[in-house]
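As structure tokens, the structure follows; a few thoughts come after it.
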Amino acid sequence: ETVTISGTFTINSYKVIYKVDGNVVHEATAEYNSKVDLYDYTPEEGYTFSGWDKEDGFTMPASEVTVNGTTSKITVTITYKFIGDVPADYPDPAPVTATYGEDITKYDIYFGSMVTGYSSTITDWSGVVEGEGAFYVGSEDIVITYTWNRIPCKITTSYTGDVPAGYESSEDWSKKYN
């Protein structure tokens, strides 16, 4: 007598765990010996993603796999640009590095108070993100432009007693401070 034995088998599946900065962000399953397409992770705003520590399309082993990645906060460069009546021989300030989300006002240096007879005003700060009542470092480099002005002044002279020849008793000169 003939005996027929029928059977089926299934390929074992194993877990693929995705961790970013040590935290599980996604789980999937993959069959043994199959090609694994990596999870498409998008970091939260203000962060960059390093990528995964496994190659896309890796072959699934006969065990659970953990795939790791890391994020880092975005850093940008803040450059200061001077225009207008910039004081002679005034040094350009060195660029500084800032991180995403920082309050930009800590980088707002009032240069005009440092030079007698000059004032400076911020006339542009490209790359800055406006929030509720404050300004923040975004994800792009920042250029803070200061427009310098010489402070005008009026000098009035007056004489008491004998006025020197060729002078009037009172004269006004309007000029920029030197």
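Brief remarks on what is shown
Per-residue answers, yes or no, for (1) open to solvent by 60 Å² or more (accessible area, probe 1.4 Å); (2) touching a Ser or Thr at 6+ places or on another chain (Cβ under 8 Å); (3) at pLDDT 95 or above; (4) assigned to a strand (DSSP E or B):
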{"site": "Ser6", "(1), (2), (3), (4)": "yes, no, no, no"}
{"site": "Phe9", "(1), (2), (3), (4)": "yes, no, no, no"}
{"site": "Val25", "(1), (2), (3), (4)": "no, no, yes, yes"}
{"site": "Ala28", "(1), (2), (3), (4)": "no, no, yes, yes"}
{"site": "Asn33", "(1), (2), (3), (4)": "yes, yes, yes, no"}
{"site": "Tyr39", "(1), (2), (3), (4)": "yes, no, yes, no"}
{"site": "Gly51", "(1), (2), (3), (4)": "no, no, yes, yes"}
{"site": "Asn68", "(1), (2), (3), (4)": "yes, no, yes, yes"}
{"site": "Tyr90", "(1), (2), (3), (4)": "no, no, no, no"}
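- Residue in segment 97-109 that is open to solvent by 80 Å² or more (accessible area, probe 1.4 Å) and at pLDDT 75 or above present: yes
- Members of segment 142-163 found to be modelled with pLDDT of 75 or more and either under 17 Å from Gly46 (Cβ atoms) or loosely packed, with under 12 Cβ neighbours inside 10 Å (or both), listed by number: Ile142, Pro152
- Of the residues making up segment 126-141, those that are modelled with pLDDT under 85 and either open to solvent by 50 Å² or more (accessible area, probe 1.4 Å) or assigned to a strand (DSSP E or B) (or both) number 9.
- Those residues of segment 72-88 which are without any contact (Cβ under 8 Å) to a residue 60 or more places away in the chain and either crowded, with 16+ Cβ neighbours inside 10 Å or assigned to a loop (DSSP other than H, G, I, E, B) (or both), in sequence order: Ala88
- Figure legend. Inter-residue proximity from segment 1-30: first residues under 22 Å from Glu55 (Cβ atoms), second residues among the β-branched types (Val, Ile, Thr) and outside any strand (DSSP E or B), beta-carbon distance below 9 Å, spacing 6+ or different chains. No pairs are indicated.
- Some residue of segment 13-23 being among the polar types (S, T, N, Q) and surrounded by 12 or more Cβ atoms within 10 Å (Cβ to Cβ): yes
The values are calculated or read from the model by the stated rules, or taken from the named source; none is laboratory data. All of these numbers come straight from a predicted model, not from anything done at the bench. Counting neighbours? That spans all protein chains shown, and the Cβs are built from the backbone with ideal geometry, glycine included. Calculation scope for accessible area: heavy atoms of the full protein, side chains included, ligands and nucleic acids excluded. Shrake-Rupley method; radii C 1.70, N 1.55, O 1.52, S 1.80 Å.
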